[in-house]
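Below is one structure, written out as structure tokens, with a few remarks after it.
The values are calculated or read from the model by the stated rules, or taken from the named source; none is laboratory data. In this text, all values refer to a predicted model and were calculated from it rather than measured experimentally. Neighbour counts run over all protein chains shown; Cβ positions are idealised from the backbone, glycine included. Side chains are part of the model used for accessible areas, which takes the heavy atoms of the whole protein and leaves out ligands, DNA and RNA. Shrake-Rupley method; radii C 1.70, N 1.55, O 1.52, S 1.80 Å.
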Amino acid sequence: MRIVILPKENLAEFIGHLRSFGELHAPTKRGEKSLVFAPVSDLSEIELNYTRTILPLKKYFFKATDVMFNFCAEKGYELPVEEADKKYVIFGVHPCEIHGLKILDLVFGGKYVDTYYFARRSKVAIIGLDCIPDDLCFCRSTGTDFVDTGFDLFLSDIGDSYLVRVGTSLGDDMVRAADSLFRQVKKEDREAYKRNSVQRRDSFQAEIQLQDLPGIMDLEYESHVWEEVGEKCLSCGICSMVCPTCYCYSVFDELSLDGNTGQRKRIWDSCLFKDYALVAGGHNFRAQRSSRVKNRYFHKQRGFVSQYGRPSCVGCGRCKAYCPAGIDIVEVISKLRSEIRV
Amino acid sequence: MSNHCSGVRPENPYLPHPARIIRTLPQIPDHQLFQIRFEKEQMAESFTYRPGQFVMLSVIGTGEAPFSISSSPTRPGNIELCVRRIGHVTDALFRLRPNALVGVRGPYGNGFPIEKLEGNNLLLVAGGLGMAPLRSLLWYALDNRSKFNNVTLMYGAKNPDDMLFKYELLNLIDRADVKCLLTVDTDESGIWKAHVGVVTTLFGHAEIDPSNTYAAICGPEIMFKFVLNELLKRNFPKDRILMSLERNMQCGVGKCGHCMVGYKYTCLDGPIFTYWDAINLPEMI
Ligand SMILES: Cc1cc2nc3c(=O)[nH]c(=O)nc-3n(C[C@H](O)[C@H](O)[C@H](O)COP(=O)(O)OP(=O)(O)OC[C@H]3O[C@@H](n4cnc5c(N)ncnc54)[C@H](O)[C@@H]3O)c2cc1C
Ligand code: SF4
Ligand code: SF4
Ligand code: FES
């Protein structure tokens, strides 16, 4: 992999260059404490030392509500007019987010390809940035604290510069377009990168044990832990909305006032919502809150492993950070493993 | 991410293809058989499927829902869906008249494992609307009669007026190449000529060899449990008992998450599962 060095004093100028590759989006402040990915015009608007945004990057590719088709009584369903071929550059993407996208790639790809998702994916360049974990991050446990693919460029802070890994030919173009801002990697850079790597590793506070977890999940299928968590859960679905890998949606037809035309849309859904597994006739396969909470964990840590060969949690800590009932995934899993007495 | 740029634009898997209702055949109260044909003649002729697969049917302006294909791929051209009126989409569907435009995509799901079934006896046990997917398998087997051993159908309805495909099935009773056992729970009219009693009573009228038979059961949960009991009593292998599952389905192609049971998608890995699968998947029955 091509690796170069970007001195920090050149970052602002490089960001300026990036704008010629597409509309620039980056983590930026929304209110006192909240951060979101949104359009930015220069470095001053970008939060470089952030931990997590409210919504993950999925919002760009798999929209909270999305028009799938236009329909009319005479012609049936037709694809909406394509969005103009606009390009985007998303700057400041953490490793767990990139893993989140790689998981969504698995889900939306396969035998049936979700064309909405991949059409947007191909228009967006990803500039990664590494980060220092807070007390909620456990991406080290989920193996998502590092990425070697899934980005065009990836920046790691090594003190007074960034070490920049070039992931794609587009990333290479970005570096070449601003060639004079970069320099070669020196021995001190390599040493600094490795020092930071140790420091980052040591700063993780939260941990879960994923190894053999699918087996434990099967074993503890009837565990009282699910009831306990079900008691607390409000079925608000926030954990699904903020999760980088939750992808459930529902579909509905919206008729215009003329009664003849309209749009088929899809909207983010959550398996925590009461009517999620309801079928016509009124039977609900998961009427109990405990069974819905269990399903969420079971799917991520057990079901996904058998379907796609890896768990679908990237350890970003959002579900705990935003859960109004304070449900903590790390604690739930430790309880299941009986590593915490209850 | 640029590595997802690809030259070929894949087909949108959610796009319903225009199709027309050719004929609507009322069956029993609130149940109709819809004959449907794709608008594009080439598609109408080439569309093929396995018994047990389903399509997503769109009623324009109302929405989309999954329905088992009730016709057999041995009779290409039109597809037939046997639909129970139960809600939003099906209400709107029942208001449509012949020649109305609808949207259809599919076929989806695994369908019955035909290759495995061939060369064996088939025992089809249906209750109520469970006849819809089994009818496809029944006609598939009858149209490929030499590929199967004995074919037995057991079908139960509440009363004679509640039996789907009644005349079609009554006509099979006299056929020598299929054992068609029809029963009703009660017959107030007194003119019903076939059996009376719940479907499990039919087991007394058929000889079933568990060593070379596949059983396919479709129907209400309660019936399923009783039939299962009968089969297990006869030491029927658990992986030769097939069933079709119904779940909430929003996409039909493994994306929306709704149809998940345990760790399988009903729409991709199912809707046909074996009883062995069921034992091993939490939440299945
Ligand atoms: C594989 C498969 C095969 C099937 N085959 C057949 C068949 O051959 N014939 C047949 O008649 N049926 C069949 N069904 C069932 C059929 O799909 C449903 O009856 C159909 O979805 C009903 O749609 P509806 O809009 O009329 O009903 P509605 O009750 O309006 O349901 C519409 C959808 O919304 C959900 N829903 C229901 N109530 C609510 C609520 N209060 N809030 C939110 N959501 C709700 C339901 O789960 C349903 O998916 C099959 C189902 C599956 C999965
Ligand atoms: S965010 Fe918390 S309370 Fe809301 S559905 Fe998720 S677990 Fe339940
Ligand atoms: S389950 Fe929670 S910690 Fe895991 S990826 Fe989703 S939001 Fe992040
Ligand atoms: S119906 Fe959407 S995943 Fe199966």
Candidate set from segment B:86-96 (those that are modelled with pLDDT under 95 and not aliphatic (A, V, I, L, M)); member that is nearest to residue A:71 (Cα to Cα): B:88
Pick from A:303, A:309: which is more than 10 Å from ligand 3 (Cβ to nearest atom) and at positive phi? A:309
Tell me which strands (runs of 3 or more DSSP E) are completely within segment B:170-285 and hold 2 or more residues being within 16 Å of ligand 1 (Cβ to nearest atom) and touching a residue at least 12 places away in the same chain (Cβ under 8 Å), or say none if there are none. B:213-218, B:241-244, B:272-274
Mind checking which residues of segment A:9-37 are over 15 Å from residue A:127 (Cβ atoms) and surrounded by 14 or more Cβ atoms within 10 Å (Cβ to Cβ)? A:29, A:35, A:36
Just give me the residues in segment A:257-316 being among the hydrophobic types (A, V, I, L, M, F, W, C), farther than 30 Å from residue A:137 by Cα and modelled with pLDDT under 85, in sequence order. A:277, A:278, A:279, A:280, A:285, A:287
Just name the residue that is most open to solvent (accessible area, probe 1.4 Å) out of those in segment A:244-258 that are more than 25 Å from residue A:319 (Cβ to Cβ) and more than 8 Å from every other protein chain (Cβ to nearest Cβ). A:257
Residues satisfying the stated conditions in segment A:125-173, i.e. open to solvent by 10 Å² or more (accessible area, probe 1.4 Å), assigned to a strand (DSSP E or B) and more than 15 Å from residue A:2 (Cα to Cα): A:157
Which of the residues belonging to segment B:255-274 are at the interface with chain A (Cβ under 7 Å from one of its Cβ atoms), near ligand 4 (Cβ under 6 Å from one of its atoms) and among the hydrophobic types (A, V, I, L, M, F, W, C)? B:256
One residue from B:108, B:155 being within 16 Å of ligand 1 (Cβ to nearest atom) and either open to solvent by 10 Å² or more (accessible area, probe 1.4 Å) or touching a residue at least 60 places away in the same chain (Cβ under 8 Å) (or both): B:108
If you check residue A:274 against the conditions, is it within 14 Å of ligand 2 (Cβ to nearest atom), in a loop (DSSP other than H, G, I, E, B) and open to solvent by 60 Å² or more (accessible area, probe 1.4 Å)? yes
Taking into account only those residues within segment A:194-209 that are away from ligand 3 (no atom under 16 Å from the Cβ) and among the polar types (S, T, N, Q), which is most open to solvent (accessible area, probe 1.4 Å)? A:199
Please list, ordered by first then second residue, the pairs with beta carbon atoms under 8 Å, 6 or more apart or interchain, first in segment A:224-247 and within 26 Å of residue A:37 (Cβ to Cβ), second polar (S, T, N, Q) and within 16 Å of ligand 4 (Cβ to nearest atom). A:237/A:270; A:239/A:270; A:240/A:270; A:241/A:270; A:245/A:312; A:246/A:240; A:246/A:270
For segment A:68-93, give me each residue that is more than 8 Å from chain B (Cβ to nearest Cβ) and modelled with pLDDT of 90 or more. A:70, A:78, A:86, A:87, A:88, A:89, A:90, A:91, A:92, A:93
Among helices (runs of 4 or more DSSP H) entirely within segment A:278-322, at least 1 residues that are more than 16 Å from ligand 2 (Cβ to nearest atom) occur in A:304-308
Among residues of segment A:12-59, those that are part of a loop (DSSP other than H, G, I, E, B) and of a type in the set (D, E, K, R), counted: 6
When the residues of segment A:22-55 are narrowed to those that are in contact with a Phe, Trp or Tyr (Cβ under 9 Å, 6 or more places away or on another chain) and touching a residue at least 60 places away in the same chain (Cβ under 8 Å), which ends up farthest from residue A:242 (Cα to Cα)? A:22
Quick one: in segment B:64-88, which of the residues that are surrounded by fewer than 21 Cβ atoms within 10 Å (Cβ to Cβ) and facing chain A (nearest Cβ under 9 Å) is farthest from ligand 3 (Cβ to nearest atom)? B:84
Quick check: anything in segment A:184-193 surrounded by 14 or more Cβ atoms within 10 Å (Cβ to Cβ) and of a type in the set (S, T, N, Q)? no
Do you know which of the residues in segment A:98-109 that are in contact with a helix residue (DSSP H, G or I) (Cβ under 9 Å, 6 or more places away or on another chain) and within 12 Å of chain B (Cβ to nearest Cβ) is surrounded by the fewest Cβ atoms within 10 Å (Cβ to Cβ)? A:109
Identify all residues within segment A:114-150 that are over 16 Å from the mean Cα position of the chain (by Cα), within 22 Å of residue A:319 (Cα to Cα) and of a type in the set (Val, Ile, Thr); write none if there are none. A:132
Any chance segment A:273-293 includes a residue that's within 16 Å of ligand 3 (Cβ to nearest atom) and in contact with a His (Cβ under 9 Å, 6 or more places away or on another chain)? no
I'm checking my understanding of the structure. Among residues of segment A:278-291 that are within 11 Å of chain B (Cβ to nearest Cβ) and touching a residue at least 12 places away in the same chain (Cβ under 8 Å), which one is surrounded by the fewest Cβ atoms within 10 Å (Cβ to Cβ)? A:291
Filtering segment A:210-243 down to residues that are away from ligand 2 (no atom under 16 Å from the Cβ) and assigned to a loop (DSSP other than H, G, I, E, B), which residue is least open to solvent (accessible area, probe 1.4 Å)? A:223
